[in-house]
1. Full-extension gain between Arg68 and Asp18, please, as 0.36 nm times their residue separation minus the C-alpha to C-alpha distance.
2. With N residues in the range 16-99, what two-decimal value do you get for its Cα radius of gyration over 2.2 N^0.38 Å?
3. Just want to confirm a number: the relative contact order over the range 15-99, from Cα pairs under 8 angstrom separated by 6+ residues, in percent.
4. For Ala56 and Met1, compute 0.36 nm times the residue count separating them, minus their Cα-Cα distance, and round to one decimal in nm.
5. In nm, to one decimal, how far is the modelled label at Val27 from the one at Lys95, with both set 7 Å along Cα→Cβ?
Amino acid sequence: MLPSFNSRPQGGGSAPCDERAVFTAVVYVLTSGCALRHLPETFGVSPATAHRRFTAWTRAGLWRRLPRAVLDELGARGELDWASAIVDAASVRAKGGAR
């Protein structure tokens, strides 16, 4: 589902990163609230690379297609149990908002 890596036409730069490592780093930032600039080095991905790939994946519509693809894959494996579902929502009044 991830767009393929395109090398820079002017050459130079570093070798392509492992897409799984970049994806893991981006998901970590999105789910933890960590700022990209504070991305732990243990991911092996620079914040700039994570940002570039996140932007490219967003433009390619990855985040819209991903939940459905996961559900389709789990359903094909017979690993979905629709006997129960959880809905999570929050409702709070906006400060200074109109009624």
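Where a number appears in this text, it was derived from the coordinates with a stated rule and is not lab data. A quick note: this is a predicted structure, and the numbers were derived from the prediction, not measured. Please note: Cβ atoms are built from the backbone with ideal geometry, for glycine as well, and neighbour counts cover all protein chains shown.
1. Working it through step by step, the gained length comes to 15.6 nm.
2. Expressed relative to 2.2 N^0.38 Å, the Cα Rg reads 1.47.
3. That works out to 20 percent.
4. On the way: separation 55, 0.36 × 55 = 19.80 nm, distance 1.21 nm.
Full extension from Ala56 to Met1 adds 18.6 nm.
5. 3.4 nm
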